[in-house]
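The values are calculated or read from the model by the stated rules, or taken from the named source; none is laboratory data. Quantities reported herein were computed from a predicted structural model and do not represent experimental measurements. We place every Cβ from the backbone using ideal geometry, glycine too, and count neighbours over all the protein chains shown. We work out accessible area using only protein heavy atoms, side chains counted, and drop any ligands, DNA or RNA first. Shrake-Rupley method; radii C 1.70, N 1.55, O 1.52, S 1.80 Å.
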Amino acid sequence: NNNLGELGLGNTTDRGDVPGEMGDSLPAVNLGTGRTATALSVGTGVTCVVLDGGSVKCWGINADGQLGLGDTVRRGDQAGEIGDTLPTVDLGTSRTATMVSVGSGATGSTTGTVCAILDDATLKCWGTNGGRLGLGSTADRGDGPGEMGDSLPAVALGTGRTATAITTGNAHTCALLDNGTVKCWGDNVYGQLGLGDTEDRGNTAGEMGDSLPAVALGAGRTATAISSSNAHTCALLDNGTVKCWGSNPDGRLGLGDQGNRGDNLNEMGDNLPVVSLGTGRTATAVSAGEVHTCALLDNATVKCWGANTSGRLGLGDVIFRGDD
């Protein structure tokens, strides 16, 4: 899909849907003279890359400043907008990025959040706010002049805490911290923040930093990876198990029912079961989709659960898994 210029090709023509569009016929994205990419993230209508020098470029929809350029003008949907013409995101004086994450929400959404972990392990987020930027306000950032760079505060993660990984969902954001804990903020209607309630965090003053509790993963447990999507979050734990919380109408949490987790007391920590991956199996990676979840297992196989419309679970049918 390319109706918003998210492919970065200077037009809005979809690619890959008819013969003759792939292979040598598919142009590479022009990142600028001599520039290459070291990391990338694709969200709903937006694509961002970390370039070889640590700078960040984004293109696609920009309704709320997702591109971090101080305006709401789309980039990538017209000729002459990519390459050297596309400015890099101002991350602050002498700051570069090591990781970028673009929010992915419901199909057709024009909202979105982008977060980057910087070279000093601080975290900055811009685009659609409502609390998901973790700045104690609801004002979007990046959609007007003077909002980026040194004017954009880093997210307060707690005294002495830094980020090692970041995942942006549809309306919430989670960070894996340097001590293996997980903190989440933004929309919490389904308990996707994993705090035992449905109160949003990060949209008013005094909710971030040391005031924001870490997600209870279980006694002695820490996380090694995290993934968020539309309204649920999953964590890969230090012992190779997987735990998921938030919305669960289709079994995306992999717990054999359709009950949300994390929206009420006593649902997290040791009370939150791990996903049953099979006898003796552990996970090495996990990825949360809009309505389903997949895990890469220790024997290099893949298992997926949740909604199965369009066969997204890869099982040769459209039967949901994990909801019964």
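Could you size up the charge dipole of segment 150-207 around its Cα centre, putting +1 on the beta carbon of Lys and Arg and -1 on that of Asp and Glu, and report it in debye to the nearest 20? Write out the running numbers ahead of the final one.
On the way: 3 positive and 7 negative charges, 36 e Å.
Dipole size: approximately 180 debye.
HN-Hα J couplings of segment 206-214 from phi, Karplus 6.51/-1.76/1.60, θ = phi - 60°, integer Hz, Gly and Pro as x?
Using θ = phi - 60°, the values come out as x, 9, 9, x, 5, 7, 8, x, 6 Hz.
Take peptides 274-285, 121-132 and line them up by average Cβ neighbours within 10 Å, highest first, as a rough protection proxy.
Numbers: 274-285: 14.7, 121-132: 24.7.
Highest to lowest by the protection proxy: 121-132, 274-285.
Tell me which lysines have Cα within less than 19 Å of LYS57's Cα, excluding those fewer than 8 residues away on the same chain?
LYS124
On the accessible surface of the chain, probed at 1.4 Å, how many percent belong to carbon and sulfur atoms?
That share works out to 49 percent.
Hey, in the GNM for the chain with a 10 angstrom Cα cutoff, which one of THR44, THR301, THR204 fluctuates hardest?
THR301
Tell me, in nm to one decimal, what length is gained between ASP24 and LEU296 on full extension, where the rule is 0.36 nm per residue of separation less the Cα-Cα distance?
Answer, rounded to one decimal: 94.8 nm.
Write down the accessible area per residue of segment 51-183 in Å², having rolled a 1.4 Å probe over the full set of protein chains.
Result: 34 Å² per residue.
Of the listed peptides 223-234, 78-89, what is their order by residue-averaged count of other C-beta atoms within 10 Å, with the highest listed first? Intermediate values should be presented prior to the final figure.
Working: 223-234: 24.5, 78-89: 15.2.
Sorting 223-234, 78-89 by mean packing, highest first, produces 223-234, 78-89.
Given the options THR72, ILE82, THR181, identify the residue whose Cα lies farthest towards the positive end of the charge dipole of the chain (+1 on Cβ of Lys, Arg; -1 on Cβ of Asp, Glu).
THR181
With unit charges on the beta carbons (Lys and Arg positive, Asp and Glu negative) and the dipole taken about the Cα centre of segment 207-324, which residue among ALA285, GLY322, THR301 sits farthest to the positive side?
THR301
Using the Cα centre of the chain as the reference point, and only Cβ charges (+1 on K/R, -1 on D/E), how large is the resulting charge dipole? Debye, rounded to the nearest 20.
Dipole of the chain, to the nearest 20 debye: 520 debye.
Determine the relative contact order of segment 31-87: mean sequence separation of Cα pairs under 8 Å and six or more apart, normalised by residue count, in whole percent.
Computed value for segment 31-87: 28 percent relative contact order.
Treating the beta-carbon of each Lys and Arg as +1 and of each Asp and Glu as -1, no other charges, what is the dipole magnitude of segment 1-131 about its Cα centre, to the nearest 20 debye?
Details: 7 positive and 14 negative charges, 48 e Å.
I would put it at about 240 debye.
Ranked from highest to lowest mean number of other Cβ atoms within 10 Å per residue, what is the order of the peptides 194-201, 26-33? Intermediate results must be reported in sequence, preceding the final value.
Working: 194-201: 20.0, 26-33: 13.5.
Most protected by this proxy first, the peptides run 194-201, 26-33.
Which whole-number percent gives the relative contact order of the chain, counting Cα pairs below 8 Å spaced six or more residues apart?
11 percent
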